[in-house]
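What follows draws every value from the coordinates through simple rules; no lab data is involved. Please read all numbers here as calculations on a predicted model, not as lab measurements. Using ideal geometry, Cβ is built from the backbone for each residue, glycine included, and neighbour counts are taken over all protein chains shown.
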Amino acid sequence: MESHILASQLRRPNGEEASEVAQKMNEANRALNLKCIELLQLRASESLLEIGPGNGAFVADILSMASDISYMGLDWSPDMVEEAKRLNEHLVEQGCAQFQQGSSEQLPFEASTFNKVLTVHTLYFWKNPGDHLAEIRRVMKPNSLFCIAFGDRAFMKDLPFVPYGFNLYDCAEVCALLRSCGFQIVDTYQHKESGLSNTGEHVDKVINIITSKV
Ligand SMILES: C[S@@+](CC[C@H](N)C(=O)[O-])C[C@H]1O[C@@H](n2cnc3c(N)ncnc32)[C@H](O)[C@@H]1O
C-alpha cells in the first residue's frame, strides 16, 4: 500500500482496505494496548471510554480486568464502528460494550461520565489537541485516570507514512500539553518493542505512555 494511502487509512480506516488495515494495527499494537490496559488499573463497576478503538480488538481484554466494567468505544470512522460492533456482538448484546461514531473534539457524553479514558495511537491526527484534551477532561469523573499512548517523535519521524498528515510529539511536549489543559501527570512510561510496523518492516518502536488525572 502506498504511504499516503496507508497514512489516510491509519487516520480514519474506510472502504475496502479498512478491515485489512485494522487487522494489521491490532497485530502491531497488541502488546502496547495490553500494557495500557494494565496501567489503567480497572476496578469493579468502573466505566471506560476508549477514543479510537479501531475495530475494538481489545475490548474483551479490558472487560476481563474487573467485574461489571462498562465500555464505550468512540471512533470517527463509521466503518470501524460497524466492524467493532460486529466483532464484539456478544459483548454488545450482554450490555457491557457500546460503540459510537464521533470525535473526541466534541464528545457526545455528559460531563463527569467516565472513571477511565484510554486512547492509543490517535494524537497524531488531532488538529488542535488542546480542544480534544479539554473535552476528555470534561467527561472524566473527579479522580479518574486518562491513559494516552503515542509513538515518540524520534522513532516515528523516519516512518514512510508519517509525512502524510502526522503531527509528532515527544513525552515532555505532551506532558506540558496535558498540564496546560488541567491534567496532573501521574506517571510516564516508555514502551519499547521490536516488531513489525504498519508497513511490514522490522522496527524498534519507542512508545510513550502517559497516565494523568483530573
Ligand atoms: C492508528 S488507529 C489506532 C487504533 C487502535 N487504538 C490501536 O491501538 O491499534 C487510529 C484510530 O483512531 C480513530 N481516531 C483517531 N482520532 C480520533 C478521534 N479524535 N476521535 C475518534 N476516533 C479517532 C481512527 O478512526 C482509527 O480507528
Distance check, please: which entries in Lys24/Lys116; Lys85/Lys192; Lys127/Lys205; Lys127/Lys157 exceed 29 angstrom between their Cα atoms?
Lys85/Lys192
With each pseudo-label sitting 7 Å past Cα toward Cβ, what's the Glu89-Lys213 distance in nm, one decimal?
4.1
Mind listing the phi-derived Karplus ³J(HN,Hα) values for the stretch 174-181, rounded to whole Hz, using 6.51, -1.76 and 1.60 with θ = phi - 60°, and x for any glycine or proline?
6, 4, 5, 4, 4, 4, 5, 9
How high is the relative contact order of the stretch 2-75, in percent, with contacts defined as C-alpha pairs under 8 Å that are six or more residues apart?
29
Normalised by the number of residues in the chain, what is the relative contact order in percent for Cα pairs under 8 Å and 6+ residues apart?
20
Helix-only [θ] at 222 nm, the chain, -39500 (n - 2.57) per DSSP H run of 4+, per residue, nearest 500, equals -10500 deg cm²/dmol
Name the residue, out of Asp68, Asp79, Asp152, whose mean-square fluctuation peaks in a Gaussian network model built on the chain with Cα pairs under 10 Å.
Asp68
Could you calculate the FRET efficiency of Tyr164 with Ser45 from 1/(1 + (r/R0)^6), where r is the beta carbon distance between them and R0 is 45 Å, rounded to 0.05?
0.60
Using +1 at the Cβ of each Lys and Arg and -1 at the Cβ of each Asp and Glu in the stretch 1-132, identify which of Met25, Ala44, Leu10 lies farthest towards the dipole's positive end.
Ala44
Of the DSSP beta bridges with both residues in the chain, give the percent that are antiparallel, rounding to the nearest 5.
50
How much length, in nm to one decimal, is gained on full extension between Glu2 and Arg30, taken as 0.36 nm per residue of separation minus their Cα-Cα distance?
7.7 nm
